[in-house]
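**Student:** Structure incoming, see below.
What follows draws every value from the coordinates through simple rules; no lab data is involved. Quick caveat, the model's predicted, so the values are computed rather than measured. Glycine also receives a Cβ, built like all others from the backbone with ideal geometry; neighbour counts cover every protein chain displayed.
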Amino acid sequence: MLAHRAAMAPAYLRQLLRAGPEFDPPGFVRIAAVLGMAWPELLSGRRPDATPGQAEPEQTEPGPRPMLLHLTEPQCWELIGTHGVGRVGLPVQPGPLVLPVNYAVDAGTVVYRTAPGGAAAPSEGSPVSFQVDHIDERRSRGWSVLILGEAHHVDDLDEEQRLSALPGTTPWAGGSRPLWVRVRPDEVTGRRIATA
């Protein structure tokens, strides 16, 4: 529940609590905000106006309000998981082309299959963007992860076979799509909209 309200992955929250506030000070600020406490109160475990031996006043739940939270790179990778559907942005004229592709995460990169010369086939070394998001319109919540980097063609047969065994790598669009594209990130950013 705390991880959800602080817009953190549960595994990341556990790591944060084990490592202490020096590990991610903004993360602890978010936890303090969710708990309705000031930063010093969270670190000391008691409110500054409490008399020693006196019971802490009962807290009421804060009203929902939207918050835009920046995600760390590990949180971004955890959210996009091992595979799914994302959008690749390619630099073409007269403007960028954005196409949905199913993808897999492989060693800090994103890979997908397409047809050589097809719409989703960038030239070797070209700059690309890759975005994955999840929106919950009913609760006005969601997250978005954006990867900026370069596209590289995988041309090693053994590597192609290894990638083919990863979950989610069979192209949904069907047909012959033998070209593997690997997006090597230069920058990974993410945001989450949540209520607290």
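**Student:** If I model a spin label at residue 14 and residue 160 as a point 7 Å from the Cα along the Cα→Cβ vector, what separation in nanometres do I get?
**Tutor:** So the two model labels end up 4.0 nm from each other.
**Student:** Also, quick follow-up: Evaluate the Kirkwood expression for the hydrodynamic radius of region 76-195, namely the inverse of the mean inverse distance over all pairs of different C-alpha atoms, and round to one decimal in Å. Working shown, then result.
**Tutor:** Details: mean 1/r = 0.0677 Å⁻¹.
Taking every pair of different Cα atoms in region 76-195, averaging 1/r and inverting gives 14.8 Å.
**Student:** Compute the distribution of all C-alpha to C-alpha distances in region 151-196, in bins of 5 Å from 0, and list the percent of pairs in each, rounded to whole numbers.
**Tutor:** Using 5 Å bins, I get a P(r) of 5, 14, 20, 20, 12, 11, 8, 6, 3, 1 for region 151-196.
**Student:** Extending each Cα 7 Å along its Cβ direction at residue 137 and residue 102, get the distance between those two points in nm, one decimal.
**Tutor:** So the two model labels end up 2.4 nm from each other.
**Student:** If contacts are Cα pairs under 8 angstrom and at least 6 residues apart, what is the relative contact order of region 76-195 in percent? If you can, show how the numbers build up before the last one.
**Tutor:** Details: 251 pairs, mean separation 37.7, N = 120.
Once divided by the residue count of region 76-195, the mean separation gives 31 percent.
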